[in-house]
Amino acid sequence: MYLFRMACRASAVAAMLAVFIGPAPAVMAAPPDAAGKDGSVQERGKGAPGMAERERAFKAEEERLLALRKEIDEKIARYEKLVGQVQEKEKKKQNEANARTDRIVQLYEGMPPEGAAARIAALDDGTAATILSRMKSRKASAVLSLMEPKRAAILTRKMASPGDVKNFPSE
């Protein structure tokens, strides 16, 4: 008896709502006893083909998004690997450049200060400053003292500014 009264009230409410907002969807219009024994929504949704279609669309969209996520994760992994390889090559290239610079610095340090001063003065500012900054202090001061004062001042200013002296050679 109680269920009968509740069903009547539900249909009365649905009828009043239909007057104000339009007819109720098929899921709302179903009486409460139309639910399965366990009361699951899936059982009630059998009468509503739109609900099943939406559920299939949601599942398809979820599968599509999962596939996209997997694809994006694979691309991220591949790009991270590439970035690691590029960084490794850059580090190797930097080490090789430092080794070449060290060798050139050793060559200039092995020269008499007069010969080194003449040759370093003929180089461009960046290269000359790099060589002088990596030479031993005593050798570099001897070379600078033999250079023309204006040229020595320019190179000293270049060596004193951070960022101006780069790892030589810049290839």
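The values are calculated or read from the model by the stated rules, or taken from the named source; none is laboratory data. Keep in mind the model is a prediction, meaning the values are calculated, not measured. Every residue, glycine as well, gets a Cβ built from its backbone with ideal geometry; the counts of neighbours run over all protein chains shown. In case anyone asks, the SASA skips ligands and DNA or RNA and just uses the protein heavy atoms, side chains included. Shrake-Rupley method; radii C 1.70, N 1.55, O 1.52, S 1.80 Å.
Tabulated data
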| read-out | value |
| --- | --- |
| For segment 69-82, 3J(HN,Hα) per residue [Karplus equation, 6.51 cos²θ - 1.76 cosθ + 1.60, θ = phi - 60°, Hz, x = Gly/Pro] | 4, 5, 5, 5, 4, 5, 5, 4, 4, 5, 5, 5, 5, 5 |
| Karplus-derived 3J(HN,Hα), 6.51/-1.76/1.60, for each residue of segment 111-119, Hz, glycine and proline x | 7, x, x, 5, x, 5, 4, 5, 6 |
| Rounded accessible area of Glu88 (nearest 10 Å², 1.4 Å probe) | 140 Å² |
| At R0 = 35 Å, FRET efficiency that the Cβ-Cβ distance of Ala52 and Lys75 yields, to 0.05 | 0.50 |
| With every protein chain in place, segment 72-129: carbon and sulfur % of accessible area (1.4 Å) | 55 percent |
| FRET E, pair Ser145, Gln87, Förster distance 41 Å, beta-carbon r, rounded to 0.05 | 0.45 |
| Solvent-accessible surface (1.4 angstrom probe) belonging to Glu74, in square angstrom, nearest 10 | 100 Å² |
